[in-house]
Each structure stands twice: as structure tokens, then as C-alpha cells.
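Inspection log for the structure reproduced underneath, given as C-alpha cells.
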Amino acid sequence: METSVDKELSPARVKTGAGFSSKKTPDTVSTNKRLKRSHRQIRAENIFRRTIMIVAVATVVLVVGIMITLAWQSRLSIQSAGLGFLWGKVWDPVRDIFGVYPFLLGTLLTSFLALIISVPFSFAVALFLGEYFPKGWMPDLLKNLVELIAAVPSVIYGFWGLAVLVPIVRSFETAIGVNAVGLGIFSSSLILAIMIIPYAASLGRSMIQMVPANLKEAAYSLGATRWEVIRMVILPYTKSGLFAGVMLSLGRALGETMAVTMVIGNTSLIPKNIFSPGNTMASVIANEFTEADHPVYLSALIELGLVLFVVTVVINMIGKRLIKGVSK
Amino acid sequence: MSVAIKYRIGKSTAFKTLVIVLSLACVVPLLFILVYILQAGITKINWNFLTNLPKPVGESGGGIANALVGTMIIVGTASIIAIPFGILCGIYLSENKNSKLAYWSRLCIDILQGIPSIVIGIVAYFWLVKPLNSFSSLSGSMALAIMMLPIVVRSTEETLLLLPDSLREAAYALGMPFHRVILKVIVPCGISGIMSGVMLSVARITGETAPLLFTAFGNPYLTTDITKPMQSLPLLIFNYATSPYNDWHDLAWGASCILLIWVLLLNIFTKLITRKWKVQL
Amino acid sequence: MESTIVKSVNYNAYFGDNHVVKDVNIEIPRNTTIAVMGPSGCGKTTFLRGINRMHELIPGATAKGQILLNGEDVMEMHPIFVRLKIGMVFQRPNPFPNLSIYDNVIAGYKLNGIKLPKAERDNIVQHSLTRVALWNEVKDSLTKKGSFLSGGQQQRLCIARAVAMEPEVLLFDEPTSALDPISTSTVEELFHELKKNYTLIIVTHNMQQAARVSDRTAFFYMGELVEFDDTKTMFTNPKDIRTQNYITGRFS
């Protein structure tokens, strides 16, 4: 194995199979150092591979753990009330009667009302940023501001709602002649509507930007107006993406706790109309969890959490599936 | 004929106007809220406000030092738990795109992202508060860490997936072991994306209240013991805002203002960092 | 004074069920330049990536058989050792975008966590850049990022990066296919210099390039090694009809 290579430049001939050894000439030192380190590196490499795998397993364990915890801790309530839990119209912890229909209704009313109010705004922003004005400082500013809506903490929305919005709603209620409390489902929906705008808006924007230019051009070349292009090309192309955005907004609205808790009025009675005070599943848990003084009561609240968990997860998964379907 | 065309053009213009009006209308409540909070809060903030403890009802003055320190400890602990964990998980997902474990892990991250924060509070209550027999800031941090996790994992995974394979190949061809390829080449090249995810997740959990209600619980005194109940800014805002006392409302306005400024700063900072640290590929 | 440095024995490579390299037996002498050519999809790049075990990084890729480096089977060695001794340069220049030119050259040391004294590092950087004829062009901008160089300069930087590790064999995967003609000729000139110290194995799509730079040429077709001979013989008097067809342009 002789070579004519200039000695100084020649790499060391080192065995590296089982237990590597080599001539200790000065010019091989750096190669040796390199290889000796490499043995340590291989061990480190294996440790690293194992670590990230354990972390990935841990995420699965975490979620399974959450489900088991919720299911196990709500077992008392599930045993005692069964499915009647969901339809029961009375929530009276003192008499150990736990029916969550008022909260179910409260949650659905606030969430869907909020959705109805916010969707036109979300879609407008999505069209504004995705189709009409995709570039420039103004749309950039709008985009950042809309993202900021999602960044403001919900407790701040709640506080502002309590101090500013509720009095306004109260005078509005007085004007139209309903029971003027201010606190209630209507106020909650208004706050929620603002809070959930960004979710559908940003997803809608990216979906609208994904519409192939040649489809739009084909329509324009046939003499379509902008509105017709939007209605005939963009909307059909993006409808499942837009729907996914609405789903994500809905999931957010269903689980929102603080802002709602602060302005909904917190009563366990069934709301008579959208101006009545009420409670949502999340707000009941927030209000009563630390006051639950006996096991069945606590367990009922956790079952409420379990229901909330299942509903929001299902809604979110539908949204995510739709997004995945669209991006493929 | 020309009337029909005019009608169509008019309809198109009308729709465009509607879109513009609605879009700009979205921003009005946000600006209204920002200005209102800043106005109501900024006058309450002074040195005493930042360094004193809250006074009992009836005495004016007092500050929110306990909540500031508490928030820093709670959020800091949550970050220490969630950031390394989230980044490592993101690395796993981007490096093993098609493995079964990656599929399940991704599904779980999606689920985690959708869980309402109050439910995570319940779980943290049973995992740490009940066994330790006391509300504690540690349990609050744990709940917040669970909330941070999906954001960090997702941003890490998405950033790393965008890096070209040639980068990995260049590193492997130099005889670099897997962990060095990842930690010395892949992660540094994606650092701007990862950092923006981390900072947004910190901004997000700083304002979270619901998971702290029955974990960190709140505390009118200053404490740094993570096994004891601890005050935090959003908890303080919630408790004082829903109280009937004007002095407490003032504290809550000041606290809201600080929380808001912090969140705004983090968001602006994220934008700057993303631009500055972006590695030109 | 000729000895074999790389030898493959019944080497087979697969992507899933797809058999892309079939029973390749080849002996590559030390300090020569080997050109590997053949039509697209003939397995030449896969074979090249098999030599330093880059092939197996692709999900679903497997290999069978032996590749001997100085008589030792690289399939039995840890890939890290293999890659330290067999450097590689890719089709597209891929300097590390987050590192300076200086750090790119010593990336193999720096990123592997090998601490060297500053003088030695400077030495390696200057030496390697000189060898790829890049030193004079970049010596005043060593702290700039590698991605600011031109394509040809980037490719030479990548060669310097491989050379800095003092490997025994250098693999080139179509190293000039992403470069302009002038950069291509600079890189080709380098091959003549590098041959003095290393064994070069160059995959190329370009027959003229194979003829210009190599001592010997291997012709791959449909995953098989059809012919391996002196470049001159190969281009003037090919033995196999398939080789003949290829170099006379009857298929490609």
C-alpha cells in the first residue's frame, strides 16, 4: 500500500473497523483526533436519536394522559347521571342535581351568534388581503393588525367588555325594551366575534392566494367582472378552505373562557333570549371549580370539561382535515 | 346590452367597496380597545405601582409587584419545560416525516392545539395540585407549558421541512453525526422560524388566565416559591376587574396596560427577529 | 506504483423494490481520475452515493454487496468514518448559508466539534482554498457569508470544504452541471491538480468532460457497469456495443 503522495498532504492510513489503531506520526495526529472523537460522536448520535424519539412518544402519552384523566375523574358524575347529564335542565349543586342543558345552550348560542357576526368580516379581510390588495404597506398593516386581534389576551377583552361594551349594550337593550342587564349572551357574542375574526381570516387569505392565476385569467378573458371571478372561480375553489377557517374559529369560540366568563352574567338558568344572562360550559368550570365542595359536584364539572374537550377536538379535527385535503 | 354590462360592473364595484369597508371595520374595535386600555392604564403606572404590593380594600395606592414577579416565574418555568421539549419534538417530526410515530405524534399535537385552556387547567390540577395538596405556580407553569407545546412543535417542524435536502447532504458528507447535522447546521439555518414560534408562544401564554385559575390560583403577597400559590398579571386583572372596588379597578387597568405592552412588544420583536435572523439560502 | 483504493464486489442498490444498481464489480486505482458516465437513470449517481454511504440517507433505500476502501468493507464501518475518508461534492453548490467562507472551509472540523489551534485552522483554510484556486479571490472576504459567492466560486468552496478534511477519495456528483462554461473549465482544471493527492471519482452527464478530465471511464447502463477501461480506449475502441451506441450518440 505504498503511494507516491507527498507525505505532508497524505491522509493517515488508519484502520477504523473494530478497534482502530494507527501510526503515531505527527502528520496523522489530526486525523487520529478526528477518528477518536468520532467514536464518542457515534454514542452521542444514538443518544440524540433516542431522545427525540422519546419526546415524540411523550406527546402521545401526554394527550392520552389528558383523556384518561378527564374520563377517570368524571366517572362519579357519569355513573350517577348517565346521559341525562346532557339534557338535564336544572343545575343545582346544593341538591346534587347536575343537568348541563343551560350551559350547552349558552355555549352554542354565544358561539354561533359570534360566528354569524364575525364571518362576513373574516371573509372580507381574506378577500382584501388575498385577492384585492395582496401587496403594499396598507395591506401589510391590516394583516398585522388583524393578527394582533388574536394576540391580545382574552382577559383584557373581558375587562374592556365589562367596562365599555356592557354599558353600551345595556343602553341598547333599554332602547329596544328588553330586560336591560348588559351582561349576557349578546355581549359575550360581540366580544367573541371580535376575538375570532383572525382565525378564519388568515386561513382564508392563504387559501385565496393559492387559487391558480390561470383559472382567474381564463375567467377574465371571457369578460367576467372581478365579482364574477370571485363568485365563479375563487369561492368554489376555496370553499372547503374557507369552511375549515370557520371551523377553527368555532373551535376557538367554544373553548374561550375568560372574556365570556366576565361578561355573560353567570347564571345557571336557561337563557330566555339572546339578551339574557347565562353561562357557557367553560365559564361554569371557571366560576365553580374551586367552589366545588363535594366529589360529585367536582366530578360533574370535570365531565363538563370532558364534553367541551370532545366537542372542540372534533371541530378542530374537521377543520385540520379540510385544510390538509385542500393543500394536497 | 350596455346597461347589462354597466350593471355587472356596478355590482363588482359595490362588492369591492363592501369588502374594503368590512375589512377596515375589523380594525376599529381593536384600535378602540388598544387606545382605551393604554389611556386608562398608563396614568396608573409609576414606580410605586411596579414595586409595591396591593393594598387592602379601602386604602388607595399599592402596586402589582407580586403579579409581575409571579408572571415572570410562571412563564419562565413553562418556557424552560416547553421550549426544549417542543423543539426536539419538531426535529423528530421533520426528520421522520413518514414514520408511524410521527403520524400519531402529529395527531396528538393537533389535538393539543385544540384543547380549550380551561380543560388543560383541570388536568394540571389533577396532575400536580391534588398530589402536592396545594395550589402552586409549578402546576400553573405545567398547564402553560402544555399550551405552548403545539406552537413550538409546529413552527419548528414547518421551518425545518422547508430547508433543502442539499444542506443535510453537505453536512453528512463531511462525516458529521446526526445530532451535529441537526444542532449545528439544520437548527441554526432555521433559527428565525423557530424563534418566532417560541416568542409567539411566550406572548400567548403570558396572557392566559383560565389554566391558572385552579393551578397558580393567585396570592396577594409576593412569593418566589414555586410550590406555593402565586399571583400573575392575568389572574390579578381577572380578580380585580370583577371586584366592585374602584381602587382595585385602577390596579387592573395598570396591569392590563403592562400586559398589553408586553404582548405588543413581543409581537413586534418577533417580526424584527424573523427578518434579521433569516438565513439566506 | 498502482494500488487499488476502492473496490466494489457485487454491489447492488435499491430504492424500495426498484433495483437501480446491479452487481457492480469495479476496482479503482489510487490517484487516478475516474469518470462515471451513462444515460440518466442508469444508476451512476446511486453507485457514487453508495461509496460513501450517502445512498442510505434516502428513505427506503437499501444496498447489498461490498465496497472496499483500502481492503476494508465500508458497509461494515460506521458511516461517519466512511464519510470522513471519502469526501463528496454535489451537483448544486451547497455551502452552509449560515457560515462565513472561512468557517465553510473548516466546517468539517468546526461542526464536528474538533478543536484546533487558530494557527492550524488558518493553515488549513489557506491551504485548502489555495488548492482549489480560490484563495486569491476570497482572501480579503473570508468573513463574508459563503452564499454571496458566484456559482463557480461556491462550487470550489465546496471542494475546498471536502479537501480540508484530507480525505483519500473525492466523489463528484455532476459537479459542473449547474455551472456556466467558464466556471466549468476552472473546476475541470482543478481536477488535474487534485489528482496528485486524491483519487477522484466523477459522475458526469457530459461525454466531452469525461474524455477531458479522466484517466479511466466507467460506463453504466440500466444499472449495470457495462465497461470500465482507459478513457482513451473507451472513446476510441469500445468493446461493448452499448458503449459504442452511447458515445456515438445513438441513445442517451
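The values are calculated or read from the model by the stated rules, or taken from the named source; none is laboratory data. Worth saying up front: this structure is predicted, and the values here are computed from it rather than measured. With ideal geometry, Cβ positions are generated from the backbone for all residues, glycine too; neighbour counts draw on all protein chains shown.
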The range C:1-56 - residue that is among the charged types (D, E, K, R) and not in a strand (DSSP E or B) and, of those, surrounded by the fewest Cβ atoms within 10 Å (Cβ to Cβ): C:Asp17
Taking the condition charged (D, E, K, R) and either under 22 Å from the mean Cα position of the chain (by Cα) or within 30 Å of B:Leu107 (Cβ to Cβ) (or both), does A:Arg95 pass? no
Examine the range B:186-201 for a residue that is aliphatic (A, V, I, L, M) and over 29 Å from A:Phe48 (Cα atoms), and state whether such a residue exists. no
Unique residue being closer than 17 Å to C:Asp173 by Cα and away from chain A (no Cβ under 14 Å) when the list is C:Ser40, C:Ser8: C:Ser40
When C:Pro93 is evaluated against the numbered criteria (1) over 21 Å from C:Asn197 (Cα atoms); (2) free of Cβ contacts under 8 Å to residues at least 40 places away in the same chain, which criterion, by number, is the only one it fails? (2)
(1) touching a residue at least 24 places away in the same chain (Cβ under 8 Å); (2) more than 26 Å from A:Pro271 (Cβ to Cβ): which one isn't true of A:Phe133, the others all being true? (1)
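Kindly indicate which of A:Phe85, A:Phe103, A:Phe128 is more than 19 Å from the chain's Cα centre (by Cα), more than 8 Å from chain B (Cβ to nearest Cβ), in a helix (DSSP H, G or I) and surrounded by 22 or more Cβ atoms within 10 Å (Cβ to Cβ). Can you show your working first?
On the way: A:Phe85 fails: surrounded by 22 or more Cβ atoms within 10 Å (Cβ to Cβ); A:Phe128 fails: more than 8 Å from chain B (Cβ to nearest Cβ).
Selected residue: A:Phe103, the only one of A:Phe85, A:Phe103, A:Phe128 that is more than 19 Å from the chain's Cα centre (by Cα), more than 8 Å from chain B (Cβ to nearest Cβ), in a helix (DSSP H, G or I) and surrounded by 22 or more Cβ atoms within 10 Å (Cβ to Cβ).
Does B:Ala241 satisfy the criteria of being in contact (Cβ under 8 Å) with a residue 24 or more places away in the chain and small (Gly, Ala, Ser)?
Details: in contact (Cβ under 8 Å) with a residue 24 or more places away in the chain: no; small (Gly, Ala, Ser): yes.
Against the criterion (in contact (Cβ under 8 Å) with a residue 24 or more places away in the chain and small (Gly, Ala, Ser)), B:Ala241 does not qualify.
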Per the filter on the range C:64-81, residues assigned to a strand (DSSP E or B) and either within 18 Å of B:Tyr172 (Cα to Cα) or within 14 Å of chain A (Cβ to nearest Cβ) (or both) are C:Gln66, C:Ile67, C:Leu68, C:Leu69, C:Glu72, C:Asp73
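Restricting attention to the range A:225-269, which residues are among the aliphatic types (A, V, I, L, M) and either surrounded by fewer than 17 Cβ atoms within 10 Å (Cβ to Cβ) or modelled with pLDDT under 90 (or both)? Spell out the reasoning first.
Taking the range A:225-269 and keeping what is among the aliphatic types (A, V, I, L, M), we get A:229-230, A:232-235, A:242, A:244, A:246-248, A:250, A:253-254, A:258-260, A:262-264, A:269.
A:Met232, A:Leu235, A:Leu269, listed by residue number.
With the structure loaded, tell me whether A:Asn214 is modelled with pLDDT under 95, in a helix (DSSP H, G or I) and either surrounded by fewer than 22 Cβ atoms within 10 Å (Cβ to Cβ) or among the charged types (D, E, K, R) (or both) or whether it fails that test. Outline the logic, then answer.
Numbers: modelled with pLDDT under 95: yes; in a helix (DSSP H, G or I): yes; either surrounded by fewer than 22 Cβ atoms within 10 Å (Cβ to Cβ) or among the charged types (D, E, K, R) (or both): yes.
For A:Asn214, the condition - modelled with pLDDT under 95, in a helix (DSSP H, G or I) and either surrounded by fewer than 22 Cβ atoms within 10 Å (Cβ to Cβ) or among the charged types (D, E, K, R) (or both) - is met.
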How many residues does the range B:175-207 contain that are free of Cβ contacts under 8 Å to residues at least 60 places away in the same chain, more than 30 Å from A:Ser154 (Cβ to Cβ) and within 11 Å of chain A (Cβ to nearest Cβ)? 8
May I ask you to say which residue of A:Phe309, A:Phe275 is within 25 Å of the chain's Cα centre (by Cα) and assigned by TED's automatic domain parsing to the domain that holds A:Leu192? A:Phe309
Being buried (at least 22 other Cβ atoms within 10 Å of the Cβ), assigned to a helix (DSSP H, G or I) and either free of Cβ contacts under 8 Å to residues at least 60 places away in the same chain or not assigned by TED's automatic domain parsing to the domain that holds B:Ile37 (or both) is the requirement here; does B:Leu235 meet it? yes
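Okay, residues lined up against (1) within 11 Å of chain A (Cβ to nearest Cβ); (2) touching a residue at least 40 places away in the same chain (Cβ under 8 Å); (3) more than 28 Å from the chain's Cα centre (by Cα):
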position	(1), (2), (3)
B:Gly10	yes, no, yes
B:Thr13	yes, no, yes
B:Lys16	yes, no, yes
B:Ser23	yes, no, no
B:Leu34	yes, yes, no
B:Gly41	yes, yes, no
B:Lys44	no, yes, no
Select, from A:Val246, A:Val313, A:Val229, the only residue that is part of a helix (DSSP H, G or I) and either in contact with a strand residue (DSSP E or B) (Cβ under 8 Å, 6 or more places away or on another chain) or away from chain B (no Cβ under 13 Å) (or both). A:Val246
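Could you check the range A:110-121 and list, in sequence order, the residues that are at the interface with another protein chain (Cβ under 8 Å from one of its Cβ atoms) and touching a residue at least 12 places away in the same chain (Cβ under 8 Å)?
Kept after step one, since they are at the interface with another protein chain (Cβ under 8 Å from one of its Cβ atoms), are these residues of the range A:110-121: A:120-121.
Answer for the range A:110-121, where residues must be at the interface with another protein chain (Cβ under 8 Å from one of its Cβ atoms) and touching a residue at least 12 places away in the same chain (Cβ under 8 Å): just A:Phe121.
Rundown of residues vs (1) more than 29 Å from B:Leu128 (Cα to Cα); (2) in contact with a helix residue (DSSP H, G or I) (Cβ under 7 Å, 6 or more places away or on another chain); (3) assigned to a helix (DSSP H, G or I), yes/no style:
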{"residue": "B:Pro244", "(1), (2), (3)": "yes, no, no"}
{"residue": "B:Asp250", "(1), (2), (3)": "yes, no, yes"}
{"residue": "B:Leu265", "(1), (2), (3)": "yes, no, yes"}
{"residue": "B:Ile273", "(1), (2), (3)": "yes, yes, yes"}
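Yes/no per residue for (1) touching a helix residue (DSSP H, G or I) at 6+ places or on another chain (Cβ under 7 Å); (2) assigned by TED's automatic domain parsing to the domain that holds B:Ser155; (3) polar (S, T, N, Q):
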site: B:Asn98; (1), (2), (3): no, yes, yes
site: B:Ile115; (1), (2), (3): yes, yes, no
site: B:Val129; (1), (2), (3): yes, yes, no
site: B:Leu132; (1), (2), (3): no, yes, no
May I ask you to list the residues in the range C:82-135 that are away from chain B (no Cβ under 13 Å), under 23 Å from B:Arg168 (Cβ atoms) and of a type in the set (Ser, Thr, Tyr)? C:Tyr102
Pick from A:Ser276, A:Ser283, A:Ser221: which is of a type in the set (Ser, Thr, Tyr) and surrounded by fewer than 17 Cβ atoms within 10 Å (Cβ to Cβ)? A:Ser221
Which fully enclosed helices (runs of 4 or more DSSP H) of the range B:42-120 have 2 or more residues being polar (S, T, N, Q) and touching a Leu at 6+ places or on another chain (Cβ under 7 Å)? B:65-95
Which residues, counting only those in the range A:89-100, are buried (at least 19 other Cβ atoms within 10 Å of the Cβ) and free of Cβ contacts under 8 Å to residues at least 60 places away in the same chain? A:Gly99
